[in-house]
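The values are calculated or read from the model by the stated rules, or taken from the named source; none is laboratory data. Predicted model, so just to flag it, every value in this text is computed and none were measured. Note that we place each Cβ from the backbone using ideal geometry, even for glycine, and neighbour counts take in every protein chain shown. Quick note on the areas: whole protein, heavy atoms, side chains included, nothing else; ligands and nucleic acids left out. Shrake-Rupley method; radii C 1.70, N 1.55, O 1.52, S 1.80 Å.
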Amino acid sequence: MNFQLTEEQLAVRQAARDFAQQECLPGVIERDDKMIFPKEQVSQLADLGFMGMMVKPEYGGSGMDTVSYVLAMEEISKIDASVSVCMSVNNSLVCYGLQEYCTEEQKQQYLVPLAQGKKDGELYIGAFLLSEPEAGSDATSQRTTAIDMGDYYILNGIKNWITNGSSASVYLVMAQTDASKGSKGINAFIVEKNWPGVSVGAKENKMGIRGSDTHSISFTDVKVPKANRIGEDGFGFTFAMKTLAGGRIGIAAQALGIAAGSYELALKYSKERKAFGKEIMHHQAIQFKLADMATKVEAARLLCMKSAWEKDNGIDYTLSSSMAKVFASEAAMWCSTEAVQVHGGYGYVKEFHVERLMRDAKITQIYEGTSEVQRIVISRSILK
Ligand code: CAA
């Protein structure tokens, strides 16, 4: 067993760290406060090759491994989880799904610009549309319909809480084509945002990741060419589940970054702040909090790395990605809450960042499968 990172992986981590410090840190509080989408930062990520990290170079990607992706996600999430969620969705839900399951024509048309994050010099990213007002965890209960009309489908319905909702140019949309077949009647489609009948709802006013661009999207009689269906008829739910297994590594790494960022801020503050005549790091109450944070961060990192390594080595990572996500997201919530506690009154105001990390941590227990859904996946796997 080898825990050592390669030269290339270390370089990716350093590049992500520098990017986060130099480009994401300035203005992060204002973007959160005013719900400003970090367009400039995402555009720079595209130029760095971080929007299609694991896509093969012949399809416009950087050809990196999943371990490098986890490293980059952790570093960027320490500073700005609104930037990293946009990066995660484009990398693992959109580009990965297209690379694995699409035809050559679909790859040339959509994957190449999505992996580059740019088309004709403009930002070009994707979104993953599975959740609906009445189909969140219960994802097979799709109400959005796609009626087969021969060489095209007619799409109707509404999708909720869509990350990159208004900034994406391309949507991967799951819809029911034959309700009598249950999950086997679901298809996935590549839909362009500017097609007639597609409309973007109001931006959600969220607790955390407030810079990220979350909307509902509705479809009214949208004509989708059959050539834009992903895979065989009825493959849509399997497509969503397989793609989400990889997505969960990305969100686990985001949660890891929030946990690690919280820990690093608490550690730094404990060396500066004095109480009862000494720096608070000399008080055992603080030392124990830091010790627990450091341990949870390390355990979350190891689970993320194991899952990434499995994916890179062709091993089924459905179980490990759910374990990584449930553990890392609970570590993020715990570490960020404790980091606020270590900061005391300063932790409760915006200038010290930890209150934002605490608000951002919460969503990692909800999106790409709640902690309860991860436990369903884990328990089914260990009990089968
Ligand atoms: N790989 C392949 N096939 C799979 C699969 C997987 N990982 N998981 C399930 N399937 C198959 C099953 O084998 C089953 O097929 P059969 O009928 O042939 O047996 C079929 O799919 C239906 O599966 P289940 O019977 O397990 O379905 P279920 O109704 O019990 O639900 C669930 C399972 C795990 C709860 C699933 O619905 C789920 O993951 N829900 C959460 C959805 C989710 O993660 N949403 C996130 C939205 S995206 C997002 O958040 C992005 C963002 O913006 C950040």
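Do you know the Lys pair count in the range 7-123 for C-alpha distances under 22 Å, with sequence separation 8 or more or different chains?
So the count works out to 9.
Can you give the charge dipole size of the chain about its Cα centre, rounded to the nearest 20 debye, using +1 on the beta carbon of Lys and Arg and -1 on the beta carbon of Asp and Glu?
Details: 41 positive and 46 negative charges, 179 e Å.
Dipole of the chain, to the nearest 20 debye: 860 debye.
For the range 7-123, compute Rh as the Kirkwood radius over C-alpha pairs and then the Stokes-Einstein diffusion coefficient at 20 °C and 1.002 mPa s; write the answer in µm²/s, rounded to an integer.
Values: Rh = 14.3 Å.
For the chosen part, D equals 150 µm²/s.
If you scale each eigenvalue of the Cα gyration tensor by 5 and take the root, what three semi-axes come out for the range 116-162, rounded to whole angstrom and sorted largest first?
Numbers: eigenvalues 132, 68, 11 Å².
Over the Cα atoms of the range 116-162, the ellipsoid semi-axes are 26, 18, 7 Å.
All other residues with a Cβ under 12 Å from the Cβ of I280 taken together, and with Lys, Arg as +1 and Asp, Glu as -1, what is their net charge?
Values: positive: K268, K271, R273, K274, K278, K289; negative: E272, E279.
After counting each charged neighbour, the total is +4.
What is the diffusion coefficient of the chain in µm²/s, taking the Kirkwood radius over Cα pairs and the Stokes-Einstein relation at 37 °C with a viscosity of 0.692 mPa s?
Numbers: Rh = 21.1 Å.
Reported coefficient: 156 µm²/s.
Suppose accessible area is computed on protein heavy atoms with a 1.4 Å probe; arrange L45, L10 from highest to lowest. Walk me through the intermediate numbers first.
Details: L45 0, L10 65 Å².
Largest to smallest exposure gives the sequence L10, L45.
Can you pull the three principal axis extents for the Cα set of the range 126-234, in Å, largest first?
41, 29, 21 Å, listed from the longest principal axis down.
Please give the helix 39-48 orientation as an angle from the longest Cα principal axis of the chain, in degrees from 0 to 90, rounded to the nearest 10.
Orientation of helix 39-48: about 90 degrees from the principal axis.
Roughly how big is the range 126-234's charge dipole about its Cα centre, with Cβ charges of +1 (Lys, Arg) and -1 (Asp, Glu), in debye to the nearest 20? Write out the running numbers ahead of the final one.
Working: 11 positive and 12 negative charges, 55 e Å.
For the range 126-234, the charge dipole is close to 260 debye.
Could you pull out the longest piece of the chain with no exposed loop GluC sites (Glu not before Pro) in it, calling a site exposed if DSSP puts it outside H, G, I, E, B and it has at most 11 other Cβ atoms within 10 Å? Write out the running numbers ahead of the final one.
Numbers: sites that count: E134, E232.
So the longest stretch without any such site is 233-384.
Over the chain, what is the mean sequence separation of C-alpha contacts under 8 Å (at least six apart), divided by residue count, expressed as relative contact order in percent?
On the way: 769 pairs, mean separation 62.1, N = 384.
16 percent.
Counting only the heavy atoms of the protein chains, how much of T177 is accessible to a 1.4 Å probe, in Å² to the nearest 10?
Only protein atoms counted, so the area is about 40 Å².
Could you tell me the largest-minus-smallest coordinate of the C-alpha atoms of the range 87-157 on each of the three principal axes, in descending order and whole angstroms?
Result for the range 87-157: principal-axis Cα extents of 36, 31, 23 Å.
Kindly provide the pair-distance distribution of the range 228-384 built from C-alpha pairs, with 10 Å bins from 0 and whole-percent values in order of increasing distance.
Using 10 Å bins, I get a P(r) of 12, 34, 27, 16, 8, 2, 1, 0 for the range 228-384.
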